[in-house]
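Worksheet for the structure shown next.
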Number of protein chains: 4
Amino acid sequence: MDKLKDYPVVISVPVQWGDQDSFRHVNNVMYIRWFESARIAYAERIGVWSLYDEEKIGLILASITCNYRRPVNYPDIVRVGSRISRIGRSSVTMEHKVLNGDGDVVADGDSVVVVYDYNHGRPYPLRQSMRAAISELEGKSF
Amino acid sequence: MDKLKDYPVVISVPVQWGDQDSFRHVNNVMYIRWFESARIAYAERIGVWSLYDEEKIGLILASITCNYRRPVNYPDIVRVGSRISRIGRSSVTMEHKVLNGDGDVVADGDSVVVVYDYNHGRPYPLRQSMRAAISELEGKSF
Amino acid sequence: MDKLKDYPVVISVPVQWGDQDSFRHVNNVMYIRWFESARIAYAERIGVWSLYDEEKIGLILASITCNYRRPVNYPDIVRVGSRISRIGRSSVTMEHKVLNGDGDVVADGDSVVVVYDYNHGRPYPLRQSMRAAISELEGKSF
Amino acid sequence: MDKLKDYPVVISVPVQWGDQDSFRHVNNVMYIRWFESARIAYAERIGVWSLYDEEKIGLILASITCNYRRPVNYPDIVRVGSRISRIGRSSVTMEHKVLNGDGDVVADGDSVVVVYDYNHGRPYPLRQSMRAAISELEGKSF
C-alpha cells in the first residue's frame with residue numbers, strides 16, 4: 001500500500017551527493033528544503049502560487065516541524081507528499097511525509113502557512129475559491 | 001535586556017547575500033542551518049561533540065521545530081542561543097532563539113537530539129559527566 | 001540535434017524553487033552543485049567512485065570553471081552532460097554542459113579532478129582499467 | 001606578511017559544520033558562495049550594488065573559476081579578498097583569494113562580472129564614477 005495515498009500532492013526529488021554531510025547521510029537541512037518544494041507544489045495546484053505575481057498575495061511560512069525517522073543516503077530518489085489538515089481564516093496547516101526509494105518513511109512533519117497580502121501588509125483571508133480548490137483536492141470538506 | 005541572557009551558548013553568524021531567496025529575505029531553510037550550528041556549539045561546550053571521533057558516540061537529530069517570527073535580510077549578523085530544557089535517558093531537548101542585529105527575535109524553536117552509540121547501533125544513556133556539564137552550563141539541576 | 005550527444009554521461013536535476021536567489025533565478029552556486037553531481041555520475045560509470053570505500057582512492061577537485069550563459073528559473077529540469085577531454089597521469093579534465101528544459105545551453109565549464117590515494121597521501125596514477133573505461137565510454141583513445 | 005594586502009576588500013566568514021560534505025571537509029560549492037559574498041562586498045564599496053534598487057542597474061556573473069588549494073575544515077574562519085584586475089567597457093574581472101585561519105591560501109580564482117541595465121535589457125557601460133571608485137580603491141589607474 002502506498003504510504004502517500006492520502007497525500008494528494010507528491011513530488012519526487014533525486015538526492016544529490018552534495019546533500020550529504022560529514023556523517024555521510026543527507027543533512028537535516030535538506031529535508032526542510034524538500035518540505036518547501038512540496039509546499040510550493042501544493043500551492044501551485046490550488047492556484048495560490050501564481051497570485052504573488054498577479055496581486056502580491058503570497059505565502060509566509062509561520063512554523064515548521066520535522067521528525068527525522070531514518071537517514072537518507074545518496075543515491076536515492078525521495079518522494080514528498082503534502083496534504084492540508086486544517087484551514088483557518090488566513091492560514092493552513094500542511095502535513096508532509098517523505099519516503100525513500102524503498103518506500104520507507106524517512107521523515108514527516110508539518111508547516112503552518114499564512115496567506116499574506118503584501119499590498120496591505122496583513123494576513124489575507126482565504127478566498128472561497130481557494131477553500132473549494134483545497135476541498136476538491138483533498139476529497140473532503142473543512 | 002539581552003533576550004539571550006538565559007541561553008548559555010550563543011553563536012553569531014553573518015547573513016550572506018545568497019542566503020536570501022526570491023522573496024528577497026533569508027530563506028526558511030537557513031534558519032535550520034543556524035539551529036544546527038547552534039546545537040553543535042552547545043555539544044562542543046559539554047564535551048559531547050568530540051566523542052564521535054574518539055568513541056563513535058554521536059548525536060542524531062530526532063526532530064526540529066522552528067517558529068518564524070520576522071524576516072531577516074542581508075546584510076545582518078544573527079545571534080543564535082541554545083539552552084537545554086529537558087534531559088531524558090538518552091536524549092535532550094534543546095531550545096533555540098535567533099536575534100537579528102537589532103535584537104529582535106526573528107525565530108525560536110527546539111531540537112530533540114538523541115545520543116547514539118554507533119558501535120552498538122543503539123541510543124546511548126547520557127553519562128553522569130554529561131549531565132553534570134549541562135547542569136553547570138545551565139546553572140540548574142535537572 | 002541534441003546538444004549533449006557528445007557527452008556520454010548525462011544527469012537530470014529538477015530545479016527547486018529554493019535554488020533561486022533574490023534576482024529570482026537560480027543562484028550561480030547551484031550550477032556548481034550540478035557540476036559536482038555530474039562529475040560523480042561520471043566517476044560511478046567508470047568504476048572510480050566505489051574505490052573510496054574499498055581502497056581509500058578518491059577524487060579531489062583541483063579547479064573548476066563555469067560560464068553562465070542564460071538564467072534558469074523554477075520550474076524547470078536541467079540536464080547536465082559530462083565528458084572527459086584530457087587524461088593526465090593522475091588527473092583528468094572533465095567538460096560539462098547544462099541545458100534547460102527547452103534545450104538551450106545555460107552553462108558550460110570544466111573541472112580538473114585528481115585521483116588521490118588517501119592511504120599514502122599522494123596523487124594516484126590512473127590505472128589502465130580506468131583509462132580503458134574512459135576510452136570505451138568516450139568512444140575514442142587518449 | 002598578509003597575503004591579502006593587495007586585496008582592498010576582505011570579508012570574513014565563519015565555517016559552519018554543515019558546510020562540510022561526506023569527505024569531512026568544506027564542500028567545493030561553498031567556496032563559490034564565499035566568492036559571491038566577496039563580490040557583493042566589493043560592489044557595495046564602489047556604490048554599484050545599490051544601483052539595482054534605484055535604477056535596475058545590476059550585476060550579472062558571466063563566468064567563474066576556482067582553484068582549490070587546500071581543504072578547509074570546521075571550525076575555522078576564512079577570509080576572502082577581492083580585487084579588480086581588469087576593467088572593460090561593461091565588465092570587470094575580479095580576483096579572489098581565500099585564506100584559512102592559519103593564513104594559508106585555500107583557494108583562489110576569479111569572476112567576470114557584467115554590469116547590466118535591466119530596464120533596457122543590455123550591458124551597461126561602466127560610468128566614469130564607477131571607474132574612479134575602483135581606481136581609488138585599488139590605488140592604481142586602469
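Data table
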quantity: Solution diffusion estimate, µm²/s, Stokes-Einstein, the stretch C:9-137, Kirkwood Rh from C-alpha pairs, 37 °C, viscosity 0.692 mPa s; calculated: 213
quantity: Whole-Hz couplings from phi, Karplus 6.51/-1.76/1.60, listed for the stretch A:133-142; x for Gly and Pro; calculated: 5, 5, 4, 5, 5, 7, x, 7, 9, 10
quantity: Gap separating the Cα centres of the stretch C:71-129 and the stretch A:97-142, nearest whole Å; calculated: 39
quantity: Shielding by other protein chains, D:35-43, mean Cβ within 10 Å; calculated: 3
quantity: Shielding by partners - mean other protein chain Cβ count within 10 Å, residues of A:9-19; calculated: 4
quantity: Inter-copy label distances at D:Ser50 (7 Å, Cα→Cβ; nm, one decimal); calculated: 4.0, 4.8, 5.9
quantity: Whole-number percent relative contact order across the stretch A:19-99, with pairs defined as alpha carbons under 8 Å at least 6 apart; calculated: 29
quantity: Anchor B:Lys140: aspartates and glutamates whose Cα lies under 17 Å away (excluding residues fewer than 8 positions away in-chain); calculated: B:Asp6, B:Glu95
quantity: Label-to-label distance, nm, for residues given as A:Arg89 and B:Arg86 (7 Å Cα→Cβ offset); calculated: 3.1
quantity: Sorted by Cβ neighbour density within 10 Å, fewest at the top, the residues D:Thr65, D:Thr93; calculated: D:Thr93, D:Thr65
quantity: Inter-site label distance for B:Tyr118 and A:Gln128 at 7 Å from Cα along Cβ, in nm; calculated: 5.9
quantity: Over chain D, relative contact order from alpha-carbon pairs under 8 Å, at least 6 apart, %; calculated: 27
quantity: Net +/- balance of residues flanking D:Ile134 in space, Cβ distance below 12 Å, scoring K and R +1, D and E -1; calculated: +4
quantity: In degrees, nearest ten, helix A:28-45 long axis to first principal axis of chain A (Cα); calculated: 40
quantity: Shape call, the protein assembly as shown: gyration tensor on alpha carbons, a/c limit 1.5; calculated: rounded
quantity: Axis-nearest residue in chain D [Cβ, rotation onto B], distance in whole Å; calculated: D:Pro14, 4
quantity: Packing-based order for B:69-75, D:33-39, A:119-125, using average beta carbon neighbours within 10 Å, highest first; calculated: D:33-39, B:69-75, A:119-125
quantity: For chain A, calculated [θ]222 nm from helices alone, where every DSSP H run of n ≥ 4 adds -39500 (n - 2.57); calculated: -7500 deg cm²/dmol
quantity: Packing-based order for B:107-114, D:134-141, B:12-19, using average beta carbon neighbours within 10 Å, highest first; calculated: B:107-114, B:12-19, D:134-141
quantity: Within 10 Å of each Cβ in B:63-75, the average number of Cβ atoms from other chains; calculated: 4
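None of the figures in this text is laboratory data; all of them are computed from the coordinates on show. All of these numbers come straight from a predicted model, not from anything done at the bench. As a convention, Cβ positions derive from the backbone with ideal geometry for all residues, glycine included, and neighbour counts pool all protein chains shown.
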